[in-house]
1. Using the 10 angstrom Cβ neighbour count as an exposure proxy, how do Arg40, Arg108 rank, fewest first?
2. Net charge around Gly56, counting only other residues with Cβ within less than 11 Å of its Cβ (Lys, Arg = +1; Asp, Glu = -1)?
3. As a footprinting exposure proxy, order Thr34, Thr99, Thr110 by other Cβ within 10 Å, with the fewest listed first.
4. Using a 7 Å offset from the Cα along the Cα-to-Cβ direction at both Asp97 and Ala42, what is the distance between the two label points in nm, to one decimal?
5. Stretched out fully, how many nm does the piece from Ser122 to Ala66 gain, at 0.36 nm a residue minus the Cα gap?
6. For segment 41-56, in order, what is each residue's ³J(HN,Hα) by Karplus, 6.51 cos²θ - 1.76 cosθ + 1.60 with θ = phi - 60°, in whole Hz (x at glycine and Pro)?
7. In what order do Leu111, Leu41 fall by count of nearby beta-carbon atoms within 10 Å, going from fewest to most?
8. List the extent of the Cα atoms of segment 20-122 along each of their three principal axes, largest first, rounded to whole Å.
Amino acid sequence: MSVSKALATAAGCVLLAGCMYTTAATPTVENGWTVYRQTRLAARVPCGDGPVLIAGNRVEMHLTGACRLVRISGNHNDVSVEVAPGGTIEITGAHNDVTWTMPSPGARPTLTDSGKENSIHSGAT
């Protein structure tokens, strides 16, 4: 994509409310955490073995696999998590909507919300 076309796309996105980028999720590894700092990202990613931190804003993310520890510190995110039995989901940001399911039976996860105006609920039917 040319630079002018990329700038035009980005400018158009700024004008449209709710615009999402669809580039690949690119995490960094910080102190053993897999960290997603991207904003306006829509992605489906596996948890892997270590903890996951979602620090971006306005992210739509589906974490797959048996996630053991997920922390959401960003704001205005919609996150679904496949959490391991006895796993942990922590929300420290604001205005996040988190849905969890368990891919295998076992102990209910630990769910903590120390942020503001978040919702966390089970997606089990």
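Throughout, read-outs are computed from the coordinates displayed, never taken from laboratory work. As the structure is a computational prediction, the values presented were derived from the model and not from experiment. Please note: Cβ atoms are built from the backbone with ideal geometry, for glycine as well, and neighbour counts cover all protein chains shown.
1. On the way: Arg40 17, Arg108 12.
Least to most surrounded, the residues fall as Arg108, Arg40.
2. Details: positive: Arg37, Arg40, Arg58; negative: Glu60.
That sum, taken over residues with Cβ under 11 Å, equals +2.
3. Working: Thr34 21, Thr99 15, Thr110 12.
The fewest-first ordering by Cβ neighbours comes to Thr110, Thr99, Thr34.
4. If labels sit at Asp97 and Ala42, their model points lie 1.4 nm apart.
5. 18.7 nm
6. Per residue, the Karplus-derived 3J(HN,Hα) values read 10, 10, 8, 10, 9, x, 6, x, 8, x, x, 10, 10, 9, 10, x Hz.
7. Numbers: Leu111 16, Leu41 23.
By the 10 Å Cβ count, ascending, the order reads Leu111, Leu41.
8. Taking the Cα atoms of segment 20-122, the three principal extents are 36, 28, 24 Å.
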